[in-house]
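All of the numbers you see were taken from the coordinates with simple rules; none came from a lab. Remember, predicted model here, so these are calculated numbers, not experimental data. Every residue, glycine as well, gets a Cβ built from its backbone with ideal geometry; the counts of neighbours run over all protein chains shown.
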Amino acid sequence: NAGVTQTPKFQVLKTGQSMTLQCAQDMNHNSMYWYRQDPGMGLRLIYYSASEGTTDKGEVPNGYNVSRLNKREFSLRLESAAPSQTSVYFCASSGFVENEQFFGPGTRLTVL
Amino acid sequence: GEDVEQSLFLSVREGDSSVINCTYTDSSSTYLYWYKQEPGAGLQLLTYIFSNMDMKQDQRLTVLLNKKDKHLSLRIADTQTGDSAIYFCAESRNFGNEKLTFGTGTRLTIIP
C-alpha cells in the first residue's frame, strides 16, 4: 500500500497563476482533508470531505476549491495564486476503524 | 471555536526526559492526540488518549491528561537524536473519521 500520495512535491507559481494539487489514498478511507502548514501556526484545515460526493469548508477556505473526484482522490485548486498562499500543503485521510489520520508527504508551494 | 496551544521550541540533552505541553479550550474534546513530524515529511500518529483517562504509557512515551485544567503533556523518556522532530497536539470530539484541531507544534531539539 502506498498510503496517501501527493503530487507535485514542489511547485513555484507566479501571482495570478492557477494550479491543482493532487491527492490519492489506497486505504479505502471515507474522509479526506487538506491542510496548510505555516511556521508558528501549526496545521490549519482548508477543506475536508467526509465521504465521496461531499465537501465542507474548514478554517481557511478562501482562495481554494476542492473536488472529491471519487473515493480515492481529493484535489485542491488554487484559481489565482497569491503570495499569502505560499505554504506546505498536506493531504490526509481517515477511516471509521482507525482513530488516526494518515498524512501524505506534502507539497511545498511558493507563490512569487 | 476550539483552540489548542503549545510552546514553539524545546531543547533537551540526549538521555534526559522531554516533556512537551499542550493546553486546549474545548471542553467537548473527547480524544487528544500526539503527532510527530520529522523533517520534510508528513505527520504520523504517536499516541492518543480518551478523555476519561488520566494517563497512558507506551514504551518510552507517557501521556498525562488533566481534564480539569485542559492540559495534556507528552513525556519522552531517554530522549534520543531520532526524537528530533516537531510534535503536534490535536483534539477531536469523536472517534475516527473526524476532523482534528491541531496545535502550533513544538520543535524538539536534542543537544548531544
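Distance between the modelled labels on B:Thr25 and B:Arg60, one decimal in nanometres: 3.5 nm (7 Å Cα→Cβ projection). Which FRET efficiency, nearest 0.05, do A:Thr86 and B:Arg13 yield, Cβ-Cβ r, R0 45 Å? For A:Thr86 and B:Arg13, the calculated efficiency is 0.80.
Across region A:1-103, Cα pairs under 8 Å and at least six residues apart give a relative contact order of 32 percent. Prolate is the label for chain A, because a/c, from the alpha-carbon gyration tensor with a ≥ b ≥ c as root eigenvalues, is 1.5 or above and a/b exceeds b/c. Counting only other chain Cβ atoms within 10 Å of each residue's Cβ, the peptide A:33-45 averages 4. Across chain B, the relative contact order, built from alpha-carbon pairs under 8 Å that are at least six residues apart, equals 38 percent. A Förster radius of 25 Å combined with the Cβ-Cβ distance from A:Phe10 to A:Glu52 puts the calculated FRET efficiency at roughly 0.30.
Computed from backbone phi, the HN-Hα couplings of region B:69-76 come to 8, 6, 10, 10, 9, 10, 10, 10 Hz, rounded to whole numbers (Karplus: 6.51 cos²θ - 1.76 cosθ + 1.60, θ = phi - 60°; Gly and Pro given as x).
The chymotrypsin sites (Phe, Trp or Tyr not before Pro) of region A:56-110 meeting both criteria, a DSSP state outside H, G, I, E and B (loop) and at most 13 other C-beta atoms within 10 angstrom of the site's C-beta, are A:Phe96. The radius of gyration of the Cα set in the protein assembly as shown, together with its Dmax, comes out at 17.5, 51 angstrom. Applying 0.36 nm per residue to the separation of B:Gln80 and B:Asn94 and subtracting their alpha-carbon distance, the gain on full extension is 1.7 nm.
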